[in-house]
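All remarks here apply to the structure that follows.
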Amino acid sequence: MGLVAGAALGAIALAMALVSLVWTPFDVTGVDVANRLLPPGGAHPLGTDHLGRDLLSMVMIGARTSLSVALLAVGIGAAVGVPLGLAAAASRGGWLDEAIMRAGDLVFAFPALVTAILITAALGPSAANAMLAIGIFNIPVFARVTRAGALPLWTLDYIRAAEISGKGPARISAEHILPNVASLLIVQGTIQFALGILAEAGLSYVGLGAQPPTPSWGRMLADAQTMVTLAPHVAVVPGLAIVLTVLGLNLLGDGLRDALDPRLKARLT
């Protein structure tokens, strides 16, 4: 049930993002002061903001911004972190394992969002720099998950047989280890995807994410914070978009974990 609900919520956010590539009900770069802060209804199903922009159109493009930044950040983390985790597991307590894990500890020693703010402040506010900052903190996460899943596999007989046959650690990791930890990585990817959306919204909220006129859910919340009592829908709409999307991805991650983990399925049955 959770898997279906999570997939449905995630699909809605993805559909909004994809549709916004070719169509939105209104142009979000235009200003229509005469229709500012309209309540939901009529030509504007979700109302308008303080500049008269259609909130439905802004939420659609905001979905594209948040999902693209979070997805690319997860891609960065997986592309770098998974090979590092495989290398650490292949080393099994050697100097390479220690070096990779201590580097991860160093990254974890600093609050992720605070350091992301420092990175984006140093490089300049933009969606690309927000993606890079979030991606950096995904690297040790994927490295640790990969290493934790791979270490027990190196003690199995079929891995020893592969070593005896002359296969090196890199080939064994690619052909035998990685396919067996893929389910762990898929689940972790959905979790990091949800966290990436929250991080992007936080960076945009403080002005370090996507820059105007590109809409972002976090930026929409920042613009609405002084108008909550006057027009609450201006804050409720992007807030619900963030909550429902993150909730959907968390439910999807839990559902995938239940579906892909045979040990958990055995306990449940």
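The values are calculated or read from the model by the stated rules, or taken from the named source; none is laboratory data. Treat the numbers as computed from the prediction; the structure is a model and nothing was measured. Positions of Cβ are generated from backbone atoms using ideal geometry, with glycine treated the same way; all protein chains shown enter the neighbour counts. With ligands, DNA and RNA removed, areas are computed over all heavy atoms of the protein, side chains included. Shrake-Rupley method; radii C 1.70, N 1.55, O 1.52, S 1.80 Å.
Name the one entry in I197, I172 that is in a helix (DSSP H, G or I) and over 24 Å from G47 (Cα atoms).
The unique qualifying residue is I172.
If you take the residues in the range 218-246 that are aliphatic (A, V, I, L, M) and over 18 Å from P40 (Cα atoms), which one is nearest to the chain's Cα centre (by Cα)?
It comes out as V246.
Would it be correct to say that V237 is closer than 25 Å to M58 by Cα and open to solvent by 50 Å² or more (accessible area, probe 1.4 Å)?
Judged against the criteria, V237 is not a match.
From the list P83, P39, exactly one residue is in a helix (DSSP H, G or I), open to solvent by 50 Å² or more (accessible area, probe 1.4 Å) and not hydrophobic (A, V, I, L, M, F, W, C). Which is it?
Selected residue: P83, the only one of P83, P39 that is in a helix (DSSP H, G or I), open to solvent by 50 Å² or more (accessible area, probe 1.4 Å) and not hydrophobic (A, V, I, L, M, F, W, C).
Does S20 meet the test of being free of Cβ contacts under 8 Å to residues at least 60 places away in the same chain, hydroxyl-bearing (S, T, Y) and surrounded by 16 or more Cβ atoms within 10 Å (Cβ to Cβ)?
yes
Looking at A13 and the list (1) within 20 Å of the chain's Cα centre (by Cα); (2) loosely packed, with under 14 Cβ neighbours inside 10 Å, which single condition is not satisfied?
(2)
Cβ-Cβ distance below 8 Å, separation of 6 or more or different chains: which pairs start in the range 149-176 with a residue that is touching a residue at least 40 places away in the same chain (Cβ under 8 Å) and of a type in the set (F, W, Y) and end on one that is in a helix (DSSP H, G or I) and surrounded by 18 or more Cβ atoms within 10 Å (Cβ to Cβ)?
That search, which allows pairs on different chains as well, returns W154/A89; W154/A90; W154/I177.
State whether the residues of the range 138-148 include one that is aromatic (F, W, Y), farther than 22 Å from S20 by Cα and part of a helix (DSSP H, G or I).
Yes; the residues of the range 138-148 include at least one that is aromatic (F, W, Y), farther than 22 Å from S20 by Cα and part of a helix (DSSP H, G or I).
Being more than 18 Å from L252 (Cα to Cα) and either open to solvent by 60 Å² or more (accessible area, probe 1.4 Å) or within 15 Å of the chain's Cα centre (by Cα) (or both) is the filter here, so list the residues in the range 179-210 that pass it.
Residues satisfying the conditions are P179, N180, A199, E200, A201, G202, L203, S204, Y205, V206, G209.
Sort through Q211, Q192 and tell me the only one that's under 29 Å from T245 (Cα atoms) and in a helix (DSSP H, G or I).
Q192 is the lone residue from the list that is under 29 Å from T245 (Cα atoms) and in a helix (DSSP H, G or I).
How many residues does the range 106-120 hold that are closer than 22 Å to R147 by Cα and either surrounded by 15 or more Cβ atoms within 10 Å (Cβ to Cβ) or in contact (Cβ under 8 Å) with a residue 12 or more places away in the chain (or both)?
3
What's the number of the only condition in (1) out of contact with any helix residue (DSSP H, G or I) (no Cβ under 6 Å at 6 or more places or on another chain); (2) open to solvent by 50 Å² or more (accessible area, probe 1.4 Å) that R53 fails to meet?
Of the numbered conditions (1) out of contact with any helix residue (DSSP H, G or I) (no Cβ under 6 Å at 6 or more places or on another chain); (2) open to solvent by 50 Å² or more (accessible area, probe 1.4 Å), the odd one out for R53 is (2).
Can W95 be described as in contact (Cβ under 8 Å) with a residue 12 or more places away in the chain and not small (G, A, S)?
no
Would you call V246 more than 25 Å from T24 (Cβ to Cβ), open to solvent by less than 30 Å² (accessible area, probe 1.4 Å) and without any contact (Cβ under 8 Å) to a residue 60 or more places away in the chain?
no
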